[in-house]
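J.: Sending over a structure as structure tokens; questions will come in a sec.
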């Protein structure tokens, strides 16, 4: 937590400020010192570059169909080969990755934010706030997420993927919010929160100024790991036709198509599956290295 | 204790009711059983379709709440209604529960045992070769979605059948072959051949999860004072680890085991669907495709009950294993 | 007689950073060696190194011989055969030192069976005998209980039982009483003495408390920055001190037996980090006797007397700490100021008691505070003392919450908390501030010192806090340029100063201090106590000072209130209470405080309390203290006792400013 800009300017005038906050730099340092963190970050950056800059160098767009080449193996013309429809595997894979990455990132952000706010309020206020939040999250845990998403899938067609992201996020936040709730209850007992209370700081301000920032390490790590969960869930749903709807493609729909032709046309399956695995692996490595960077005392990994 | 349990069960019952009702209402609104009749040739007359839908309590021209009331009344009497095909949902699910159960039990037992073993070994020699290897492998496994893993297994098995064994060793579809007359052992072998791949696809992920979890729990207690006390008593490191660290670290893992069991009843969906096992999960997907509102609702109800039973079982197990939690 | 355990030049380093440097010491049979040092001095690492229980990655050199057998570099098998048999250990935190999932009896039996070829039953019988020996009531029943069902003191007894299970020759005790209350500490030390008589073992007592060592040890080794700086017989080290650090330590301890507000003499600065030791004597930067030669090289241990060695080149000039004569009675007596800033009348607070973490159900009510009365006047300091479970923290929370109490009344600065509206409450929050025990926990680690100090100012509507922050920092003796740093960048004492600065930001009139110095090392603690004293005098503050350390309270408070099981046992002017306590509990409490004065310690008669504090959910009828009261047990007749059983005594005035809640109160000198 640093000064707001207005205060910062004021303090600089008063000449009190000296030296820069170092926590971010410290964590970044620890993160990049670990081989795992470096590798994960590099691979992830590469994947992003590939997904968003790759289409610029590819001769084909994901909508193009090459009617001279159906189900052809990789060649200089089609780097990853072609599908049965004549679509270029490289182009559609990149398109699918774009979608999967965006969906994964957004769903993770939304769900973690939801988890943070719901968990912190439940843990801080307890009483009926807590009971309501716990009950709702229990209900969502009990409802098979897959089922709800699948049933709602017709709504996600025709460019309605943001709705899909939100629905997905709605089923990702519960476990984290329980963790946040538990940690809020113990953080609340910590003396700096007590001190703020006895100083007369209003509760909502305490939550946003003290509680959530102090859980930020958990939240950042969790958001990272949620990216991979979201990507995996999206893939599985789309595999069965319940996620991203045609004409849009995602890694899941591509894998579903590819698995049918994989035996005699391996390129339709392995490139997509491989990129998916590498992406998720990189995200997990980053999350794990971040966890270590935030908390060097506990060398744990999921 | 009794009062507490009663209150908790009541809370669970409310959750189940709300969850199942939500699932039913959602399914009844979003799914369209009428469309099942649209592609039939010859096209049945509208009045016939209506009559049939009404008989199945699926007619979208009946008000939603009325359909819900009919459904709920049936469920209260233990009747989940009929599927779009007209067969009772109860019979179908009863058959399928067994299938899913067999798959899940085997997969979970394999997965958790191997996972716990791997995790404990990895923690005992932190940063040793085994720790590094198992960490690396579990990272990779956790990055592979089940749908990809299952397909990879099928591809690998097909390849192995063709090039290594030269005959069908791994069978990739269904629970058993039909029309076999090879006696008991032949049947058993056939079932085993069908069982290998789905079990592997289910347990590989679980091994990864359990080994990570066990490793972390174990590392948490390795530095604990009581392990030091055990060594100060004169126990060797190995004995102190097994008797004091492992025993304590198993508590959360056992709890997690029970919980996983509940979620797996529908969590095996992808495995079942891809390997053609006629279990609950497969039926869930099929029923959504078939607009089968009653089956969807019934499976949701079962899933909700399974999750809650598992979480109760997890808590009871926790209490049984940990004297600190036990109510005296 | 040859030593049982002989340590020579023991050094331990972690990743190239030395934690222990060249420690040599030896203990003979039946001898007690005290190892004293502040946190980070390497005393606990020494004990772990001797036991061979260092974490992997530690590099150990030197020699540890047990009965002449070398342990450094010995095989794991050889080590396990002596651990628990010839040499055993008692750890600091009895809560985490026992495996939570096994029964206590089984854990002791396990220790027996590791080294003795006996069957399970015999080992269990032995375990019960051992539990009996360490004074656990109903041992055969308690052997079946789990560790969490024991109190802290009882757990530590179990640890001792485990340590003596195989008649060891050496028992290493690593801060065995630090986590315990003072009366329980006295009990556990007694058990340790008994265990030693029974086994004839040598004891190595590691502690930061110079008082514990004074009464318990034969010889003392003082450690600083990973190295012994003074070794010798206990009288030599305390009375003929030859190392300025030891002198400083003795001078910075507040003493329960010394009245009058003499400022303590803190040691300046902070202990050096083991990774960046100064070139010469590691104590030189803080030493009042430093000369240039000190910085040339590290002084060896000079032989300064028979069996007495000190690591100071100017040892001949070192003047031992002079505690001064015990002050004469009837010292300066002040009239109490007229204006009350805080009045508590008949305060009651109950909590529901739940059992089971999982199947939570209410099984009763904890009567945490059961009718407490006191007041605090303008400019006065009231010390609220009591052991854990006495209700002092609940009392404090009740006052700080500013909410209507369950029963009774709290009047803060003239306002009854039962009749406060939100605006008035915010107003009082300005005038009443709090300082907590652990400065690291009470400062948000993600905020700079500037933000921390600005928070109260912002909350109460000051928009430009910059100048005030600089002012506050200099007020508590910190450099204003430190405002941009984070709490982690400061040492414990400095952090507590920041917390004090935050509390002073709004110029409050009443400061609630919750154990403000108990998380600090003695040498640091003295500076903070002095600061609090001078701030009170300069700013005219009133303090409500909650503490379990009676010596600190005597040093800073004007009046003291002793709490037991939710009620006040005795209250009064501090010197009066300490000099002649009237309530049997106060007497026991005061007599249990170890004094850093070997001669007096040996001559003292401890009043030992029996057993544990009764559960506040089920307090005894009549007088709450009667179940443990030595007077009730030994001195009163049956008729007299009836009054104690039937009638709960109220605090009644028994002197100019002293009152006790005892039917048979009488003065007694115990310190």
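J.: How many residues does segment C:510-523 contain that are over 22 Å from the mean Cα position of the chain (by Cα) and either without any contact (Cβ under 8 Å) to a residue 40 or more places away in the chain or buried (at least 21 other Cβ atoms within 10 Å of the Cβ) (or both)?
T.: The qualifying residues number 1.
J.: Right, another one. Name the helices (runs of 4 or more DSSP H) wholly inside segment A:130-231 in which the number of residues that are surrounded by fewer than 17 Cβ atoms within 10 Å (Cβ to Cβ) and within 14 Å of chain C (Cβ to nearest Cβ) is 1 or more.
T.: Correct list: A:174-189, A:203-206.
J.: Any chance segment B:127-134 includes a residue that's in a loop (DSSP other than H, G, I, E, B) and within 14 Å of chain A (Cβ to nearest Cβ)?
T.: yes
J.: Moving on to the next point. Please specify each residue of segment C:158-176 satisfying the condition of being part of a helix (DSSP H, G or I) and touching a helix residue (DSSP H, G or I) at 6+ places or on another chain (Cβ under 6 Å).
T.: Answer for segment C:158-176, where residues must be part of a helix (DSSP H, G or I) and touching a helix residue (DSSP H, G or I) at 6+ places or on another chain (Cβ under 6 Å): C:158, C:160, C:161, C:162.
J.: Is segment C:651-671 home to any residue that is within 22 Å of the chain's Cα centre (by Cα) and closer than 24 Å to residue C:257 by Cα?
T.: yes
J.: Tell me which residues, restricted to segment C:291-300, are under 17 Å from residue C:277 (Cβ atoms) and out of contact with any helix residue (DSSP H, G or I) (no Cβ under 6 Å at 6 or more places or on another chain).
T.: Residues satisfying the conditions are C:296, C:297, C:298, C:299, C:300.
J.: A follow-up question, please. Which of the strands (runs of 3 or more DSSP E) found entirely inside segment C:177-286 contain at least 2 residues meeting this: surrounded by fewer than 24 Cβ atoms within 10 Å (Cβ to Cβ)?
T.: Those strands (runs of 3 or more DSSP E) span C:227-233.
J.: Residues that are within 14 Å of chain C (Cβ to nearest Cβ) and surrounded by fewer than 19 Cβ atoms within 10 Å (Cβ to Cβ): find the helices (runs of 4 or more DSSP H) completely inside segment B:216-328 holding 2 or more of those.
T.: Helices (runs of 4 or more DSSP H) meeting the threshold: B:237-240, B:247-267, B:293-321.
J.: Would you be able to say whether some residue in segment C:558-580 is at positive phi and either surrounded by fewer than 23 Cβ atoms within 10 Å (Cβ to Cβ) or in the same structural domain as residue C:239 (by TED's automatic domain parsing) (or both)?
T.: no
J.: So, one more: From the residues in segment C:395-414 that are farther than 27 Å from residue C:453 by Cα and touching a helix residue (DSSP H, G or I) at 6+ places or on another chain (Cβ under 7 Å), which one is surrounded by the most Cβ atoms within 10 Å (Cβ to Cβ)?
T.: C:410
J.: Follow-up. If I ask for residues that are in a loop (DSSP other than H, G, I, E, B) and over 23 Å from residue B:273 (Cα atoms), which ones from segment B:163-179 would you list?
T.: B:166, B:167
J.: Scan segment C:629-648 and give yes if some residue there is in a loop (DSSP other than H, G, I, E, B) and buried (at least 23 other Cβ atoms within 10 Å of the Cβ), otherwise no.
T.: The answer is yes, given that some residue of segment C:629-648 is in a loop (DSSP other than H, G, I, E, B) and buried (at least 23 other Cβ atoms within 10 Å of the Cβ).
J.: Hey, another quick one. Considering C:364, C:356, C:461, C:389, which residue is within 14 Å of chain A (Cβ to nearest Cβ) and modelled with pLDDT under 90?
T.: Exactly one of C:364, C:356, C:461, C:389 is within 14 Å of chain A (Cβ to nearest Cβ) and modelled with pLDDT under 90, namely C:461.
J.: With (1) over 27 Å from residue C:182 (Cα atoms); (2) at pLDDT 90 or above as the list, and residue C:511 as the residue in question, which single condition is left unmet?
T.: Checking residue C:511 against (1) over 27 Å from residue C:182 (Cα atoms); (2) at pLDDT 90 or above, the one that fails is (1).
J.: Shifting gears a bit: Looking only at residues in segment A:118-132 that are without any contact (Cβ under 8 Å) to a residue 12 or more places away in the chain and touching a helix residue (DSSP H, G or I) at 6+ places or on another chain (Cβ under 9 Å), which one is nearest to residue A:167 (Cα to Cα)?
T.: By that ranking, first place goes to A:132.
J.: Wholly within segment B:13-85, which helices (runs of 4 or more DSSP H) include no fewer than the required count, namely at least 1 residues that are modelled with pLDDT under 80 and surrounded by fewer than 14 Cβ atoms within 10 Å (Cβ to Cβ)?
T.: B:35-38
The values are calculated or read from the model by the stated rules, or taken from the named source; none is laboratory data. Model, not experiment: these values are computed from the prediction. Note: ideal-geometry Cβ built from the backbone for every residue, glycine included; neighbour counts use all protein chains shown.
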